[in-house]
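Structure first, commentary second.
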Amino acid sequence: MNAPTSSAATDTVRTLNIAGMTCASCVAHVERALMKVEGVQAASVNLATESASVTAPMSVPLAALIEAVAKAGYEVRRDTLELDIEGMSCAACVGRVEKVLQRVPGVVSANVNLAARRAHVELAGSVPTAALVAAVQKAGFGATPAAEVSEGAREADAAAEEAALRRAVWIAVALTLPVFVLEMGSHLIPGMHDWVMATIGHRTSWLLQFVLTSAVMFGPGLRFFRKGVPALLRGAPDMNALVAMGTAAAWSYSVLALFAPALLPAGTVNVYFEAAAVIITLILIGRLLEARARGKTSDAIRRLMRIQPRTARVRRGAEGVEIPIGEVVVGDVVEVRPGEKVAVDGEVVEGSSFVDESMITGEPVPVEKGVGATVLGGTLNTRGAFAFRATRVGADTVLAQIVRMVETAQGAKLPIQALVDKVTMVFVPVVMGVAALTFLAWLVFGAAWLAEDVPALSFALVNAVAVLIVACPCAMGLATPTSIMVATGRAAQMGVLFRKGDALQLLRDAEVVAVDKTGTLTVGKPQLTDLVVADGIKRAEVLALVAAVERRSEHPIAEAIVAAARAEGLALDEAEGFEADAGHGVSATVAGRRVEVGADRLMRRLGLEVGVFADTAARLGDEGKSPLYAAIDGRLAAIIAVADPLKPTSVAAVKALHAMGLKVAMITGDNERTARAIARQAGIDEVIAEVLPDGKVAALQRLAEGGGLGQASTGAAGAASGAEGSGSSKSDAASVAGSAGAVGTSTSAGAGVRRRVAFVGDGINDAPALAEADVGIAIGTGTDVAIESADVVLMSGDLIGVPRAIALSRATMRNIRQNLFWAFAYNSALIPLAAGVFYPAFGALLSPVFAAAAMSMSSVFVLGNALRLRRFGARAVQA
């Protein structure tokens, strides 16, 4: 047992929910594992409730307990909770909220987004929501569970906040303008000083400035003191504290100069009312502009939420009844007329139309929908009427899932944010220290830098205030989250969903994009690609006869031929005397005509010479297609090829990836010849063929390690041919990289150099590879398992979404770097200027008024720069 702590009062009981326990032995294993963690005083595990109560000091990290349970072979269940946070104004606020949340027993991690004003809390065990809310409130902020706040309420709160700021700005401007004119007008306008002295008088002017500035300070500016002073008293100063200290210093000094001038050294009796008033007014203007810009960062997600209609026309008996969308249940038949939006997800049971799915997939061309087709809630019916049976409603619809994914990604923190967090946690205290040091340095050494009749105290005060005001932790706090919010929202509009926010950063560094072939690069089901008939025979006649025979077969190739005949509107007669000869083909009699379809060996057995189609057969072979032949009434009639063709945009997607400097690899279970043919058509650089489903992870690892695929191609080909000749099973060891003539230029990274790999897949067997890859990209038309394993989801089911996602990732990271550079460079340059570092050499100083303007504009610049991502589009991908 671990040694007891010095005081039992410091111990806290934490409850963990344990998954995977089945018996008393499991209980003992978990208890022993927990007791081995240093500092744990007691551990009690309950099998019935599947929970563990752990007594330990708060200094014992929760992560250590979770790791101990995992090493024992079990899992600690985790939950997540979203909190709306009120009252945050800068990066220091973010750090404070995160810190207090992480101190609550049971909290694994807490990520706070300043732009979204939301906290994402990961919990292990039973943690009361009230405890989290109380912790945030104790830190001086407001908190409400996000689930309890409707989007409409959030929009109303944001509108009310903006209206209050607008009102405060107008009041502050009206009160500040006379102060500015009275004080600064005397310096800027010739004769103004004499006019003020003659009409108002010196002291009356100062009294008037005092009254107006006090009204600004304790009217519109009171918000800075209400937030800043308590933050100071808690020892956690924020931007409000800096503004409050700076303006209070200027105002207090001026009051002293006005009402008790004898307390000040000779020559230092000056007032700075205009500085305090203008600082507050400019910062309020900055806050108003910031609020407007922040509202635009989440425009995309709000538009997604609004595209679902509020009502649906549901059949009740023989009539259609208009009901609220929330009352639609699975199984309801919903009617959709031209120009109306689809209410929920479902399957068409009647009618047909073309549906605009651009708001979900990003693809502008309407999609034809007929009986059996899937329709998605929020999409627009362009023409025609149809009815569909609801299959997913409420939170289960694709639209609701998209909104959840985007919100999750927007709340994530990128790895690049770690440095920012470290800086911002100490930024405000450091700035206060610099301001104090500035004041003392000017007070002590200022006389040496100034003329004899210029008091150092005035410069000490003004420069210290300028330091407090110019420092801007807001820009640092907004630099990353605003870009993430705008980028993920724009991506959703383009049909690209970032399920995990950090994929935005990781995708930028991808060097190789590996794609699964079937369903990702290709359509995913066989289609009739070639039908070449002999002289004197009609194509439609051959297709109808062959399809009539193949209709009796369940082989995928047969289904493709039948589908092609039906697509061309051909009538199919009944086939009689159907026979299937394994390894050769099928035969039957159709409308009195003998029809035989199969491989070349079947034709030779029938005594038919296939040489007439030799050129066509060679071409099909080069394309990786296995030809079939059809004989009608003992005469060779046609050569047929069925294949899984490339999707229409696959070639363009690969070209776009190449243009971005990326290598493209294909991983497939197909044989080498077919794989090489597909790769040649698509322009693939590297091919790993004949991979069993469980070999994709190993294939990805080899790609990441630099592969050496080009050097292994000969041996792999030999291994593949040997395997085929001996009849042994294929393995992922049989991998090839095409030569320059076969699949373009193939280059391998040097041994030992790890390449970052993104993998694109759609099937259940792709899930392990999607999880293994640096970034997993799932095709949205694929399986739920694949989507759950992925970091990014392409809703259109189109490979062209991959270059879009990578281009957006690069643009976002470039945008974040610009924001961070501005935020850090701004503070690094202007704080020394405000402190008067350059005055002895260059005579350069920064007025507190200009400091306030610069500070306000820094946040607006960061937000404005992030909003540029809203214009990201197809042209950016091409560029």
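The values are calculated or read from the model by the stated rules, or taken from the named source; none is laboratory data. Bear in mind the structure is a predicted one, so any value in this text is a computation, not a measurement. Neighbour counts run over all protein chains shown; Cβ positions are idealised from the backbone, glycine included. All accessible areas refer to the heavy atoms of the entire protein, side chains included, with ligands and DNA or RNA removed. Shrake-Rupley method; radii C 1.70, N 1.55, O 1.52, S 1.80 Å.
In table form, for the structure just shown:
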| read-out | value |
| --- | --- |
| Candidates ALA560, ALA630, ALA575, ALA588 - the one that is under 14 Å from ASP530 (Cα atoms) and in contact with a helix residue (DSSP H, G or I) (Cβ under 7 Å, 6 or more places away or on another chain) | ALA630 |
| Test: residue in the range 330-337 that is touching a helix residue (DSSP H, G or I) at 6+ places or on another chain (Cβ under 7 Å), loosely packed, with under 14 Cβ neighbours inside 10 Å and of a type outside the set (A, V, I, L, M, F, W, C) | no |
| Test: residue in the range 274-284 that is open to solvent by 60 Å² or more (accessible area, probe 1.4 Å) and either modelled with pLDDT of 80 or more or within 28 Å of VAL496 (Cβ to Cβ) (or both) | no |
| Positions within the range 814-852 being in a helix (DSSP H, G or I), of a type in the set (Ser, Thr, Tyr) and touching a residue at least 24 places away in the same chain (Cβ under 8 Å), in sequence order | TYR826, TYR839 |
| Residue list for the range 495-541, filter: touching a Lys or Arg at 6+ places or on another chain (Cβ under 8 Å), aliphatic (A, V, I, L, M), crowded, with 24+ Cβ neighbours inside 10 Å and farther than 16 Å from VAL757 by Cα | VAL496, LEU521 |
| Filter result for ALA487 (part of a helix (DSSP H, G or I) and open to solvent by less than 50 Å² (accessible area, probe 1.4 Å)) | yes |
| Output for the range 676-697, where each listed residue is more than 31 Å from the chain's Cα centre (by Cα) and surrounded by fewer than 24 Cβ atoms within 10 Å (Cβ to Cβ) | ALA677, ARG680, GLN681, LEU692 |
| Residue within the range 381-399 that is within 20 Å of ARG306 (Cβ to Cβ), at pLDDT 90 or above and assigned to a strand (DSSP E or B) present | yes |
| Any hit, the range 838-848, residues being in contact with a Ser or Thr (Cβ under 9 Å, 6 or more places away or on another chain) and open to solvent by 80 Å² or more (accessible area, probe 1.4 Å) | no |
| Enumeration of residues in the range 262-312 that are outside any loop (DSSP other than H, G, I, E, B), over 22 Å from the mean Cα position of the chain (by Cα) and not aliphatic (A, V, I, L, M) | PHE273, GLU274, THR281, GLY286, ARG287, GLU290, ARG292, THR311 |
| Residue in the range 44-57 that is of a type in the set (Asp, Glu) and in contact (Cβ under 8 Å) with a residue 12 or more places away in the chain present | yes |
| Candidates VAL255, VAL243, VAL229, filtered to the one that is of a type outside the set (Gly, Ala, Ser) and without any contact (Cβ under 8 Å) to a residue 24 or more places away in the chain | VAL229 |
| Unique match (being in contact with a Lys or Arg (Cβ under 6 Å, 6 or more places away or on another chain), in a strand (DSSP E or B) and surrounded by fewer than 21 Cβ atoms within 10 Å (Cβ to Cβ)) among GLY346, GLY320 | GLY320 |
| Enumeration of residues in the range 131-153 that are assigned to a helix (DSSP H, G or I), in contact with a helix residue (DSSP H, G or I) (Cβ under 9 Å, 6 or more places away or on another chain) and open to solvent by less than 60 Å² (accessible area, probe 1.4 Å) | LEU132, ALA135, VAL136, ALA146, GLU151 |
| Top-ranked residue of the range 15-41 - restricted to ones that are over 24 Å from SER109 (Cβ atoms) and of a type in the set (S, T, N, Q), ranked as surrounded by the most Cβ atoms within 10 Å (Cβ to Cβ) | GLN41 |
| Residue ranges of strands (runs of 3 or more DSSP E) in the range 42-118 with at least 2 members open to solvent by less than 30 Å² (accessible area, probe 1.4 Å) and closer than 30 Å to PHE225 by Cβ | 78-86, 107-113 |
| Residues that are open to solvent by less than 10 Å² (accessible area, probe 1.4 Å) and at pLDDT 90 or above, drawn from the range 820-835 | none |
| Single condition VAL546 does not satisfy, out of (1) under 30 Å from ILE777 (Cβ atoms); (2) of a type in the set (A, V, I, L, M, F, W, C); (3) buried (at least 21 other Cβ atoms within 10 Å of the Cβ) | (1) |
| Of the criteria (1) surrounded by fewer than 24 Cβ atoms within 10 Å (Cβ to Cβ); (2) of a type in the set (Gly, Ala, Ser); (3) in contact (Cβ under 8 Å) with a residue 60 or more places away in the chain, which one ALA563 fails | (3) |
| Unique match (being open to solvent by 30 Å² or more (accessible area, probe 1.4 Å), among the small types (Gly, Ala, Ser) and farther than 28 Å from PRO455 by Cβ) among ALA215, ALA249 | ALA215 |
| Residues of the range 413-441 satisfying the condition of being open to solvent by less than 70 Å² (accessible area, probe 1.4 Å), in a helix (DSSP H, G or I) and of a type in the set (D, E, K, R) | ASP421 |
| Evaluation of ALA479 against (1) under 20 Å from SER847 (Cα atoms); (2) at pLDDT below 85; (3) surrounded by 23 or more Cβ atoms within 10 Å (Cβ to Cβ) (one fails), failing number | (1) |
| Strands (runs of 3 or more DSSP E) wholly inside the range 525-644 that include at least 1 residues being among the small types (Gly, Ala, Ser) | 575-581, 585-590, 593-598, 627-632, 635-643 |
| Meets criteria (in contact (Cβ under 8 Å) with a residue 40 or more places away in the chain, part of a helix (DSSP H, G or I) and in contact with a helix residue (DSSP H, G or I) (Cβ under 6 Å, 6 or more places away or on another chain)) for ALA656 | yes |
| From the options MET192, MET184, MET197, residue that is farther than 21 Å from PRO473 by Cα, modelled with pLDDT under 85, hydrophobic (A, V, I, L, M, F, W, C) and open to solvent by 60 Å² or more (accessible area, probe 1.4 Å) | MET197 |
| Residue within the range 389-404 that is free of Cβ contacts under 8 Å to residues at least 40 places away in the same chain and over 25 Å from the mean Cα position of the chain (by Cα) present | no |
| Residue in the range 442-471 that is least open to solvent (accessible area, probe 1.4 Å), counting only those that are within 16 Å of LEU264 (Cβ to Cβ) and part of a loop (DSSP other than H, G, I, E, B) | PRO455 |
| Matching residues, the range 659-675, being open to solvent by 10 Å² or more (accessible area, probe 1.4 Å), touching a strand residue (DSSP E or B) at 6+ places or on another chain (Cβ under 7 Å) and part of a helix (DSSP H, G or I) | GLU672 |
